[in-house]
Structures are given as C-alpha cells and as structure tokens.
Amino acid sequence: MLLSLRQQKIALIIHANPGISSSRVQEQLEEKMSLITVKRDVTLLLKQGYLTSSGSGPSITYELSLLGRLFLPLDAHAYCAIEPDKRPASPHFNFNLFPRIPETVFTEDERTRLDKATVGYRARSGGMSEALHTKELERFVIELSWKSSKIEGNTYTLIDTERLIREGIPAPGKTRDETAMVLNHKKAFDFVCEQKALFAGMPNHAAIERVHALLVENLGIASGVRRGGVGIVGTVYRPLDNQYQIREALEKLYAAVYRSRDPYSKALLLLAGLSYIQPFEDGNKRTARLSANAILMAHERTPLSYRSVDEVAYRESITVFYELRSIEPLKRIFIDQYLFAAKQYAGI
C-alpha cells in the first residue's frame, strides 16, 4: 500500500517512540489534525501490517512491525534532508532483521514487471554473434565501471572511463586511486562473469571476498573481514565492530538470500545486506553491487549498470536502510535500474 505523506509521518513518530498511543502521536505531529483522523490512519496502518498493538481501549499502544520497517514507503530525500542527529534513526545493527525477512521482498505485480523485462532481455540476447556479444559486454562494463565509481565520488567521466578501459590511457588530472578504482571494477566484473556459478546457490563468502579484493586492489585497503569498527559519514548508524559478530551477521544474511524464492529478492537482499553489515574496511557498497549482479547473471537475469541512477538518490536509499531498515527506497531504484538494463543491454 502506498502511504500518504501524513501516514508516513505517523509511522516515523511511532518508529521513534515504540509503545506510543494515538493521542501522543497526535501531539507530536507538526500540523494540526483531529484525533479521529490520526486514529483512522493508525488503524489503517495496523490493518495493513505496518504496526503491532498492545493493550486495549484507551491504553492501547503501537509500534512498527518488521513489515512496517522493511516495507515502509518513505521519501528518502525528504528523510535525509533532516540533520542526522535529529532523524528517528536506529544506530545499532539489528540481528533479528535477516532471519525474519520474508521469502520475497517484491509484490506479485513487481515480480511480473521484472519477469516481463527479463523475457524481452532474453529475446534480444538470443542468437547474438560472438563479436556482437563481446562488444555489448564491453559497453556494459564501461558503463558499470563509470557509474559505480561515480557513486563513490570518483570524478572520471564516461568518456574518460571508455578510453581507460579500451585503450589503457588514464584521464589527465585524475588521481592514481581514481584510475585504479575504475580498472578494478572491470577486473571484478570479469571475475563474476567467469565464476557466476558460485553465486547460484548459497552465497559463497570466499567468492565475495575475492570480489572485494579485486575492487580494492592497489587502493591501500585491507582485504578480508575487518577486525575493528568503521564510521559512515552522514548517519548515526554504527556497523558492528566485532569480527565474530560480523561473520555471524554475514551467515544470517547469506541464509536469507538462499531462502529467497526469486532471484530479484536474492540480489536485492545481498545488495542491501552487504551495505548494511559493512564487513570490509572499505569498498562495501561496490562489493555489494558486483555481488548482486553475480546473482542476477547466475540466474540468467540482466545485471545492473546503474547508468541512469542518481547517485545522491542511491546513497540516500542506502541511508534509509541503515537507519530505518526500510528497503523500499532501494527497491524502487533496483526495479527502475533493472527495467532500464533489460532494455539497454543484451547478451551480458
């Protein structure tokens, strides 16, 4: 159900104040409205499964359910416009999240749209010559390497990236690290193309570590699961800082991915989950994007280049997942980028 802006605000108030009554919700709303209106919205949220309730009569209270957190359709930009310390964020990692995620995070209508796009992608990919396949693959790698690097703040242009990957010529005025980041994307994508069978079942942690190692090669970043804490700019969320807990979180994530009944859910969960756990010293979101693509390709779906994504919107959607556990903003981006990729590319 698509929530109105008022209903989203009510859900956020309840998120920040678990065990709150409808009358207290009314008091905390910035705009004035009747208690009857608030109660009507709260009842609707409860009926749709976004809330759970305790007590009865005048003493009834509410809090967000896991469903409410996971599928709350928020405006990520409006949420991130609030200063980090003033947002109703959950700063700590939630160990209960992955075991309770349902077998699919897409609605039937969303899966139908994705499947329809897949049919078109496969139809255009059939019977391609080897030369055309190679050319199409190169175009995809260039666009993925450019945009995934740009999301991380890299200043290479698409033309610069094309010249670097095709001719090995670095762009003038760019740092050694920027050049290495772009080239590392190609190496990592080559690996997942060659080893995509490793991503067809339970996620293979050794393969994901290899993707990470290729992405951070020559960047002065340690490979392997980190041993200490990391901070993330612009959010109060703090990932786990204990290596044993990080490995436990990864096991729960991999189990949730394996349990998912469609490849779109598998890919999206790995994309969001690796970004949320932050298992590595750096390069986590890059690793998440390439590993999610590996799952899509292992199940004969089109990978995402993210060519048309707004990088600010992408980072905001990840922040919402960090702080509220809502996957909806990132899911909207995933769907848009999948539909885009299925029309733009063939034979990847």
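Remarks
- Some residue of region 110-128 being in contact (Cβ under 8 Å) with a residue 24 or more places away in the chain and assigned to a loop (DSSP other than H, G, I, E, B): yes
- Scanning region 296-348 for residues that are of a type in the set (S, T, Y) and either under 20 Å from L158 (Cβ atoms) or touching a strand residue (DSSP E or B) at 6+ places or on another chain (Cβ under 9 Å) (or both) gives T302, S305, Y306, S308, Y314, Y345.
- Region 122-141 - residue that is under 26 Å from the mean Cα position of the chain (by Cα) and of a type in the set (D, E) and, of those, surrounded by the fewest Cβ atoms within 10 Å (Cβ to Cβ): E138
- Complete set of residues in region 144-155 that are touching a helix residue (DSSP H, G or I) at 6+ places or on another chain (Cβ under 7 Å) and either among the aliphatic types (A, V, I, L, M) or closer than 15 Å to L215 by Cβ (or both): L144, S145, W146, S148, S149, K150, I151, E152, N154
- Of all the residues in region 89-111, those that are surrounded by 13 or more Cβ atoms within 10 Å (Cβ to Cβ), modelled with pLDDT under 95 and touching an Asp or Glu at 6+ places or on another chain (Cβ under 8 Å) number 4.
- Elements of type helices (runs of 4 or more DSSP H) in region 1-80, at least 1 residues being touching a residue at least 24 places away in the same chain (Cβ under 8 Å), farther than 29 Å from I318 by Cβ and not assigned by TED's automatic domain parsing to the domain that holds V105: 22-28, 35-47
- Residue in region 126-135 that is within 26 Å of L158 (Cβ to Cβ) and polar (S, T, N, Q) present: yes
- Verdict on D177 being of a type in the set (D, E, K, R) and in contact with a Leu (Cβ under 7 Å, 6 or more places away or on another chain): yes
- For region 274-288, the set of residues classified as of a type in the set (F, W, Y) and under 21 Å from I327 (Cα atoms) consists of Y276 only.
- Hey, L164 in contact with a Pro (Cβ under 9 Å, 6 or more places away or on another chain), in the same structural domain as N204 (by TED's automatic domain parsing) and either among the small types (G, A, S) or closer than 30 Å to L250 by Cβ (or both) or not: no
- Residues that are within 18 Å of V216 (Cβ to Cβ) and either surrounded by 19 or more Cβ atoms within 10 Å (Cβ to Cβ) or touching a residue at least 12 places away in the same chain (Cβ under 8 Å) (or both), drawn from region 150-160: K150, I151, E152, N154, Y156
- Among the residues of region 275-328, those identified as within 28 Å of G228 (Cβ to Cβ), assigned to a loop (DSSP other than H, G, I, E, B) and of a type in the set (D, E, K, R) are E281, D282, R325.
- Residue in region 295-302 that is crowded, with 23+ Cβ neighbours inside 10 Å, more than 13 Å from the chain's Cα centre (by Cα) and aliphatic (A, V, I, L, M) present: yes
- Residues in region 184-214 that are in contact (Cβ under 8 Å) with a residue 60 or more places away in the chain and of a type in the set (A, V, I, L, M): A188, V192, A197, L198, A200, A207, I208, V211.
- Restricting attention to region 161-183, the residues being more than 19 Å from N218 (Cβ to Cβ) and either surrounded by 14 or more Cβ atoms within 10 Å (Cβ to Cβ) or touching a Ser or Thr at 6+ places or on another chain (Cβ under 8 Å) (or both) number 2.
- Here A341 qualifies as farther than 19 Å from L274 by Cβ and assigned to a helix (DSSP H, G or I).
- In region 83-94, the residues that are at positive phi form no Cβ pair under 7 Å with any partner that is in a loop (DSSP other than H, G, I, E, B), whether six or more places apart or across chains.
- Matching residues in region 237-255 - criterion: being surrounded by fewer than 16 Cβ atoms within 10 Å (Cβ to Cβ) and among the aliphatic types (A, V, I, L, M): A255
The values are calculated or read from the model by the stated rules, or taken from the named source; none is laboratory data. None of the values given here were measured: they were computed from a predicted structure. We place every Cβ from the backbone using ideal geometry, glycine too, and count neighbours over all the protein chains shown.
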